[in-house]
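All remarks here apply to the structure that follows.
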């Protein structure tokens, strides 16, 4: 019995001796807190050291050069040329110009302008204007004086005569030759400039102008801003005054094009001396004749892979001749052609859907009856 009790005492003593070294440093809660703080400081120091000495991973979508064979390595780690094991990657910086989408050249944009149907006088005026601007820049580079230049323009003509399309090409052309920094086209009308309450029009107009900085602000039906023409209130006048001030403040990186019917635009420019002094270039967009309307129609059919039979083509030519002869100030030009083409597609779809097993020829062939029904829709 004594031996058993002695053994129990010895085991308890040995257990106490084993616990003492671990508790010797933790005599109080304060000591324990100090120990935890020291451990956290050591962990933070280790993280900082690791961040300073480690090599950062290459950014996504940036090519890395494989030094072993000179090939490009794609972001997913596969070598694009050799397919072999890649050497340790070296990050190569890619400039903003290289990564940005390639912008069209002056020759490409002039080719796009030439591809437009009709508009021969507009094409010549645009080319002359581009040549004039290019020579001005060369004179500046040779320290020669230049007379004052205003590139703000008035586009006059009926709807659907290509005014917006030409303005878009112009904006890109001016960017390509360095006149504008961005080359975007921002399209607005009266509702995009004029608010319905006092004090709101000037900020709204200013916001529209700011969005066009570096490009062209295209104001369609601009004559509606003049109260004596539109019959509206003076909010339109406030928009004009704000526009004129911002055109002066940003004259080096903003072009404004005002567009609308010829007669109304003439009165609009004459309604304010500031407009007359800033807009001194006038482009007149003539109505498309019947042959040009048919050319536009044929282009639309070709792009959508519709084949017009000879009889259908004959009907279309006659239809456009009658349309052109009876045109008035509301003549839609290319807009009408687009609507006419969309009506033809709808009529054609109704006819083909009634067939049990339409062939490829059925799906692509336009018949005279399709045009006849579309013409009266």
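Please go through the stretch 188-197 and give me each residue that is surrounded by fewer than 17 Cβ atoms within 10 Å (Cβ to Cβ) and in contact (Cβ under 8 Å) with a residue 12 or more places away in the chain, ordered by number. Explain how you work it out, then say what you get.
Narrowing the stretch 188-197 to residues surrounded by fewer than 17 Cβ atoms within 10 Å (Cβ to Cβ): 189, 191, 195-197.
Passing the criteria: 189, 195, 196.
Considering every residue within the stretch 211-218, establish whether at least one is in a helix (DSSP H, G or I), in contact with a strand residue (DSSP E or B) (Cβ under 9 Å, 6 or more places away or on another chain) and assigned by TED's automatic domain parsing to the domain that holds residue 270. If you could, list the steps in order and put the result at the bottom.
Restricting attention to the stretch 211-218, the residues satisfying the condition of being in a helix (DSSP H, G or I) are 211-212.
Checking which are in contact with a strand residue (DSSP E or B) (Cβ under 9 Å, 6 or more places away or on another chain) leaves us with 211-212.
Going one step further and asking which of them are assigned by TED's automatic domain parsing to the domain that holds residue 270, we end up with 211-212.
Checked the stretch 211-218: at least one residue is in a helix (DSSP H, G or I), in contact with a strand residue (DSSP E or B) (Cβ under 9 Å, 6 or more places away or on another chain) and assigned by TED's automatic domain parsing to the domain that holds residue 270.
Name, by its number, the condition in (1) more than 34 Å from the chain's Cα centre (by Cα); (2) under 30 Å from residue 262 (Cβ atoms) that does not hold for residue 358.
Checking residue 358 against (1) more than 34 Å from the chain's Cα centre (by Cα); (2) under 30 Å from residue 262 (Cβ atoms), the one that fails is (2).
Determine whether the stretch 88-96 contains at least one residue that is surrounded by fewer than 19 Cβ atoms within 10 Å (Cβ to Cβ), modelled with pLDDT of 90 or more and not in a loop (DSSP other than H, G, I, E, B).
Step one: filter the stretch 88-96 for residues surrounded by fewer than 19 Cβ atoms within 10 Å (Cβ to Cβ), giving 88-96.
With modelled with pLDDT of 90 or more added as a condition, the list becomes none.
Scanning the stretch 88-96 turns up no residue that is surrounded by fewer than 19 Cβ atoms within 10 Å (Cβ to Cβ), modelled with pLDDT of 90 or more and not in a loop (DSSP other than H, G, I, E, B).
Let me spell it out: the conditions are (1) part of a helix (DSSP H, G or I); (2) buried (at least 20 other Cβ atoms within 10 Å of the Cβ), and residue 259 meets all of them except one. Which number is the exception?
It is condition (1) that residue 259 fails.
Among the residues of the stretch 262-317, write down those that are surrounded by 19 or more Cβ atoms within 10 Å (Cβ to Cβ), without any contact (Cβ under 8 Å) to a residue 40 or more places away in the chain and within 30 Å of the chain's Cα centre (by Cα).
275
Conditions tested, residue by residue: (1) at pLDDT below 90; (2) in the same structural domain as residue 334 (by TED's automatic domain parsing).
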{"position": "241", "(1), (2)": "no, no"}
{"position": "246", "(1), (2)": "no, no"}
{"position": "256", "(1), (2)": "no, no"}
{"position": "266", "(1), (2)": "yes, no"}
{"position": "269", "(1), (2)": "no, no"}
{"position": "294", "(1), (2)": "no, yes"}
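Of the numbered conditions (1) in contact with a helix residue (DSSP H, G or I) (Cβ under 7 Å, 6 or more places away or on another chain); (2) part of a helix (DSSP H, G or I); (3) at pLDDT below 90, residue 146 satisfies every one except a single condition; which is it?
Result: residue 146 fails condition (2) only.
Step by step: first the residues of the stretch 101-124, then only those that are in a helix (DSSP H, G or I) and over 26 Å from the mean Cα position of the chain (by Cα), then the one that is farthest from residue 160 (Cα to Cα). Which residue is that?
Ranking the candidates gives 124 first.
The values are calculated or read from the model by the stated rules, or taken from the named source; none is laboratory data. A quick note: this is a predicted structure, and the numbers were derived from the prediction, not measured. Note that we place each Cβ from the backbone using ideal geometry, even for glycine, and neighbour counts take in every protein chain shown.
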